1. Out of all the residues in the stretch 89-97, is one or more open to solvent by less than 30 Å² (accessible area, probe 1.4 Å), acidic (Asp, Glu) and at pLDDT below 85?
2. Looking at the stretch 25-43, can you tell me whether even one residue there is of a type outside the set (A, V, I, L, M) and at pLDDT 80 or above?
3. What is the number of the single condition among (1) touching a Pro at 6+ places or on another chain (Cβ under 7 Å); (2) modelled with pLDDT of 85 or more; (3) not hydroxyl-bearing (Ser, Thr, Tyr) that VAL51 does not meet?
4. Given the criteria in a helix (DSSP H, G or I) and either under 28 Å from PHE214 (Cα atoms) or modelled with pLDDT of 85 or more (or both), does ALA70 qualify?
5. Could you please find all residues in the stretch 162-174 being surrounded by 17 or more Cβ atoms within 10 Å (Cβ to Cβ) and over 17 Å from the mean Cα position of the chain (by Cα)?
6. Name the residues in the stretch 176-186 that are open to solvent by 50 Å² or more (accessible area, probe 1.4 Å) and at negative phi, would you?
7. Does the stretch 224-245 include one or more residues that are closer than 15 Å to SER67 by Cβ and surrounded by 13 or more Cβ atoms within 10 Å (Cβ to Cβ)?
Amino acid sequence: MWKEFFRFDLRYQLRQPMLWLVMVVLAAMAFASAGSTSFRIGAGPAGIGNVHLNAPGVIANQLGVLSMIAMLLVTVFIAGAVLRDSESGMADLLYAAPLRKRDYLFGRFLAGFTVCLLIFAAITAAMMAGSLLPSIDPARLGAFSLWPYAWSFVVLVVPNLLFVAALLMLLATVTRSMMMVYVGVLAFMVLWSVAAVLDAGNGSASLSLLLDPFGVRVLAHLTRYFTSAQLNAELPPLSGLLLANRVLWTVIALAMAGATVALFKPQHAGSGRRFGKARSQPAR
């Protein structure tokens, strides 16, 4: 049954102009940042000394930061999937069938997550295209390689999007309001920023880096002493703090997805009936 929800929601999302608008905006940012020293995404070292514009660490930093920015832009694709039926008045018709809520939620979650992956596939392609512009000074570029893009996508983008999707789905389930979802996202980003400031000088750098849900601070920490030659050729190994960070936030994302299933209470208006179950009605 979840496949039906997945296919329906994926078709619905792909027909929405907002999806393509978000994709174009983020891809344009990635394209411009990849081929310019004046427009940069993130605080990477590109353009400093002999660091190339397409250095592996620069690519990873940019994709990591873009996955953070996407948190504010893909909300409608994730949270909207939970709220859409209630807001459109289709809930009563849909919940009349004996459906399992985990099929309903998983199908829609997977559709939204797939859309986010498609958006970032386009962003990654735009970044690669931007680094190949003939107008760029060849001295500012290294040899083109797919490896940094693939590494960044798998290690940073996919876990980040999984976390973002799970958080948005949980907020939508708990609040039942798109406005409150946006408020929750903004509150989360503020707390994330404040936490970095408070932890800056208290001697718990490892804990601070471990608690970074996006991994960009871990990446910056691991590459802070890289030479220009290292930055142009290497990525940090997927071990230690970086591996622990990625595993921790993947587990947290899966836990939030489980909490969403547990807390989701689809219910007919004016009745106690839920997926395939009906509460006994008092005798008249």
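1. No - not one qualifying residue is present in the stretch 89-97.
2. Step one: list which residues in the stretch 25-43 are of a type outside the set (A, V, I, L, M), which gives 31, 33, 35-40, 42.
Okay, now just the ones that are also at pLDDT 80 or above, so 31, 33.
Yes, because at least one residue in the stretch 25-43 is of a type outside the set (A, V, I, L, M) and at pLDDT 80 or above.
3. (2)
4. yes
5. So the first thing to find is which residues in the stretch 162-174 are surrounded by 17 or more Cβ atoms within 10 Å (Cβ to Cβ), and the list is 162-173.
Passing the criteria: only THR173.
6. MET179, MET180, TYR182, VAL183, LEU186
7. yes
The values are calculated or read from the model by the stated rules, or taken from the named source; none is laboratory data. It should be emphasised that the depicted structure is a prediction, and the values quoted were computed from it without experimental measurement. Ideal geometry is used to build each Cβ from the backbone, glycine not excepted, and the neighbour counts take in all protein chains shown. In case anyone asks, the SASA skips ligands and DNA or RNA and just uses the protein heavy atoms, side chains included. Shrake-Rupley method; radii C 1.70, N 1.55, O 1.52, S 1.80 Å.
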